[in-house]
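Engineer: Please find one structure pasted underneath; my questions will follow.
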Amino acid sequence: MMKMVYTSENQFLVCNAKNLIEAQGIGTFLKNEFAQGAVGETSAFDAWPEVWIFSDSDYEQALNIIETSLSRKNAAEWVCENCSEHNDSSFDICWNCQKDNA
Ligand SMILES: [Zn+2]
């Protein structure tokens, strides 16, 4: 059985997820890859691109790969807009100038 493991309106994120899963040796394919941005189409009819796997025995692993990837991204440090200092993700305000992380 084939299963969908990830979808997003952001095609970059979808391609990124596909690459991460394939890097672990899991076969994937995209659906709706070309559904967005077609000339003359309105966004109301756009379907989000989807990442599918060929074998549902890989489903849990594929989801783990995506979750790990997303949580790593959320944990990334941020740069203060005000003073350009780098801040750890656990800080909500800049350690240097106390500006909110916008
Ligand atoms: Zn700052």
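The values are calculated or read from the model by the stated rules, or taken from the named source; none is laboratory data. Since the model is a prediction, treat every value here as computed from it, not as a measurement. Cβ placement follows ideal geometry from the backbone for every residue including glycine, while neighbour counts extend to all protein chains displayed. Surface accessibility is based on the protein's heavy atoms, side chains included, excluding ligands, DNA and RNA. Shrake-Rupley method; radii C 1.70, N 1.55, O 1.52, S 1.80 Å.
Engineer: Select from the range 64-102 the residues that are at pLDDT 90 or above and away from the ligand (no atom under 15 Å from the Cβ) and write down the one among them that is nearest to Cys15 (Cα to Cα).
Structural biologist: Ile66
Engineer: Does Glu60 count as of a type in the set (Asp, Glu), away from the ligand (no atom under 15 Å from the Cβ) and modelled with pLDDT under 90?
Structural biologist: The answer is no for Glu60.
Engineer: Consider only pairs whose beta carbons are under 6 Å apart and that are at least six residues apart or on different chains; among these, list those whose first residue lies in the range 1-14 and is open to solvent by 60 Å² or more (accessible area, probe 1.4 Å) and whose second residue is at pLDDT 95 or above and not charged (D, E, K, R).
Structural biologist: As it stands, the answer is Met2/Trp52; Met2/Phe54; Lys3/Ile53; Lys3/Tyr59; Met4/Trp52, since those pairs meet every condition given.
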